[in-house]
Each structure stands twice: as C-alpha cells, then as structure tokens.
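Undergrad: The structure follows.
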Amino acid sequence: MLHTLTVTPFIAQALQTPILLPALQDYVEQVRRQNDLLFIVVMDMQGIRQTHPDPSRIGKHFAGGDEVKALHGEESISEAQGTLGPSLRLISPLYDATHQQIGAIAVGISTAKVEQTIAKNRWITYWAIIFGGLIGTLGAFILARQIKKIMFGM
C-alpha cells in the first residue's frame with residue numbers, strides 16, 4: 001500500500017503545490033481510515049509533516065528519528081515512539097515525475113494492534129501444529145503397515 005502511495009502522482013504534485021495540501025490531507029486521511037492504519041504522514045525533505053491524523057501536528061518535524069534513511073533515498077522499517085504512541089513504521093522516499101526526491105511517506109500501525117492481532121491468531125498456529133502432527137502420525141502408521149505387507153509381515 002505504501003508503494004502505491006509513493007507512485008500516486010497527486011501526492012507528489014500536492015507536496016510541491018502548497019494550495020493542494022488541504023486536499024492531500026483529506027486524501028491521505030481517507031486512505032488511512034480505509035486501511036485501518038495509525039497514521040500516514042507525508043513529509044518534505046526537511047522532515048516536516050505535511051499531513052498527519054492530528055492536524056495540529058502538521059508543520060512540525062516528524063517524531064522518532066527513523067525518517068532520516070528515507071530522506072536519503074532508502075526505505076526503512078522500524079519500531080519507534082511517535083506522537084501517537086509506539087508504532088511499527090514503514091517509511092519510503094517520495095519522488096516527483098523527474099525522479100527527484102521531494103520527501104518521504106511514513107505509514108504506521110500501533111504496536112498494540114500488532115500484538116492484539118498476533119494474540120488473536122495464535123490459536124490457529126496451535127491447531128495447525130496439532131493437525132499436522134496427527135496427519136503425520138497417521139501417515140507414518142499407514143506407511144509402516146504397507147512396508148510390513150511388502151516384507152511379508154516381518
């Protein structure tokens with residue numbers, strides 16, 4: 001999803017055209033809500049937020065310090081403490097139509113939400129292990145019987 005945002009021409013245009021920034025905020029917030037993310041932040045090359053779920057944070061520096069790699073053209077994944085709490089983040093450089101870097105986009109999900117999802121789905125792993133063990137045991141039993149038949153009951 002982040003890569004889709006980084007190649008969306010409107011985002012690059014809006015970042016370069018201040019009059020479009022309110023429309024960019026609306027667009028990014030719609031995408032954030034649809035994907036149930038903690039935040040999507042579009043920032044300029046100085047790390048200044050141009051979008052944020054809390055509009056009062058727009059115009060301030062991105063928090064966490066993990067944006068530096070992305071502002072130097074390198075995608076990064078990290079876990080950091082930001083203004084909305086601890087989050088798992090993916091930050092990717094943002095380029096314009098001429099492939100000049102003009103900023104970065106950060107997408108984050110709450111670490112608490114990640115932990116909830118893991119806890120909710122943990123039982124699936126346990127059942128898969130039990131089921132796999134039963135199928136393996138049954139397969140070994142059937143294979144052993146077939147081998148005994150082939151060897152005339154020895």
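Undergrad: Search the stretch 88-114 for residues that are closer than 21 Å to ASP44 by Cα and pair each with any residue that is of a type in the set (Phe, Trp, Tyr) and part of a strand (DSSP E or B) when their beta-carbon atoms are under 6 Å apart and the residues are at least 6 apart or on different chains.
TA: As it stands, the answer is GLN101/TYR95; GLY108/PHE39, since those pairs meet every condition given.
Undergrad: For the stretch 1-110, give me every one of the strands (runs of 3 or more DSSP E) that falls completely inside it and has 2 or more residues that are at pLDDT 90 or above and buried (at least 20 other Cβ atoms within 10 Å of the Cβ).
TA: Per the criteria, 39-44, 85-95, 101-110.
Undergrad: Take ALA119 and decide whether it is within 21 Å of MET43 (Cβ to Cβ) and at pLDDT below 90.
TA: Values: within 21 Å of MET43 (Cβ to Cβ): no; at pLDDT below 90: yes.
So ALA119 fails the test.
Undergrad: Is it the case that GLN81 is among the polar types (S, T, N, Q) and farther than 25 Å from THR117 by Cβ?
TA: No: the conditions fail for GLN81.
Undergrad: Could you tell me which numbered condition GLY139 fails, if it satisfies all but one of (1) surrounded by 10 or more Cβ atoms within 10 Å (Cβ to Cβ); (2) closer than 30 Å to GLU75 by Cα; (3) modelled with pLDDT of 90 or more?
TA: GLY139 satisfies all of (1) surrounded by 10 or more Cβ atoms within 10 Å (Cβ to Cβ); (2) closer than 30 Å to GLU75 by Cα; (3) modelled with pLDDT of 90 or more except (2).
Undergrad: Of the residues SER56, SER87, SER92, which is farther than 28 Å from ILE19 by Cα and not aliphatic (A, V, I, L, M)?
TA: Details: SER56 fails: farther than 28 Å from ILE19 by Cα; SER92 fails: farther than 28 Å from ILE19 by Cα.
That would be SER87, the only listed residue that is farther than 28 Å from ILE19 by Cα and not aliphatic (A, V, I, L, M).
Undergrad: Tell me whether the stretch 16-26 contains one or more residues that are more than 20 Å from GLY85 (Cβ to Cβ) and of a type in the set (D, E, K, R). Give the derivation first.
TA: Start the filter on the stretch 16-26 by keeping residues that are more than 20 Å from GLY85 (Cβ to Cβ), which leaves 16-26.
Still in the list and also of a type in the set (D, E, K, R): 26.
Yes - at least one qualifying residue is present in the stretch 16-26.
The values are calculated or read from the model by the stated rules, or taken from the named source; none is laboratory data. On a predicted model such as this, the values are computed, not experimentally measured, just so you know. Backbone-built Cβ (ideal geometry, glycine too); neighbour counts: all protein chains shown.
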